[in-house]
Amino acid sequence: QVQLVESGGGLVQAGGSLSLSCAASSSIALVPFMAWHRQTPGNQREVVAEMTNIGTTNYRDPVKGRFTISRDNDLNTVYLQMTNLKPEDTAVYYCAATTPTRVYWGQGTQVTVSS
């Protein structure tokens, strides 16, 4: 069982930056995939960035070059550094841990980017 708690969301102007954190209740060192997803009302949740336990990263095209995912296995924390934010980045951001048996989700944190 893994509990995930996101933090760091908020309101920012377009062009600004935010850093999200996802603290896990247990070790993430062997969790194959840690990822950030986002969801807007009426739309499906979409993956934004993901990172394997060996450091491979993958990003959704609209955020490439602006978002950076990282993980600190010693602190059991995953981060999402977001720069040059755009109004279309406004969403609830969720942290996810994918294990061989299931996906664990955090409760989400709201990110709002004003134009």
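If I go through segment 38-54 residue by residue, how many of them are surrounded by 14 or more Cβ atoms within 10 Å (Cβ to Cβ) and in a strand (DSSP E or B)?
Residues in segment 38-54 being surrounded by 14 or more Cβ atoms within 10 Å (Cβ to Cβ) and in a strand (DSSP E or B): 8 in total.
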Out of all the residues in segment 55-75, which are over 21 Å from Q110 (Cβ atoms) and assigned to a loop (DSSP other than H, G, I, E, B)?
-> G55, T56, K64, G65, N73, D74, L75
Filter pass, P100 being in a loop (DSSP other than H, G, I, E, B) and either touching a residue at least 12 places away in the same chain (Cβ under 8 Å) or farther than 20 Å from L4 by Cα (or both) = yes
Working only within segment 77-104, note down all residues that are in contact with a Leu (Cβ under 7 Å, 6 or more places away or on another chain) and under 12 Å from F33 (Cα atoms).
-> C95, A97, Y104
Is it true that some residue in segment 55-76 is in contact (Cβ under 8 Å) with a residue 40 or more places away in the chain, in contact with a Cys (Cβ under 7 Å, 6 or more places away or on another chain) and open to solvent by less than 60 Å² (accessible area, probe 1.4 Å)?
-> no
Restricting the search to segment 1-14, which residues are closer than 16 Å to T90 by Cβ and open to solvent by less than 50 Å² (accessible area, probe 1.4 Å)?
-> E6, G8, G9, G10, V12
Total residues in segment 77-115, condition farther than 27 Å from L30 by Cα and open to solvent by 20 Å² or more (accessible area, probe 1.4 Å) | 10
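Identify the residue in segment 16-36 that is of a type in the set (G, A, S) and touching a Ser or Thr at 6+ places or on another chain (Cβ under 9 Å) and, among all such residues, is most open to solvent (accessible area, probe 1.4 Å).
S17
The values are calculated or read from the model by the stated rules, or taken from the named source; none is laboratory data. In this text the structure is predicted, and so the values were computed from the model without any measurement. In this analysis, Cβ positions are derived from the backbone assuming ideal geometry, glycine residues included, and neighbour counts consider all displayed protein chains. In case anyone asks, the SASA skips ligands and DNA or RNA and just uses the protein heavy atoms, side chains included. Shrake-Rupley method; radii C 1.70, N 1.55, O 1.52, S 1.80 Å.
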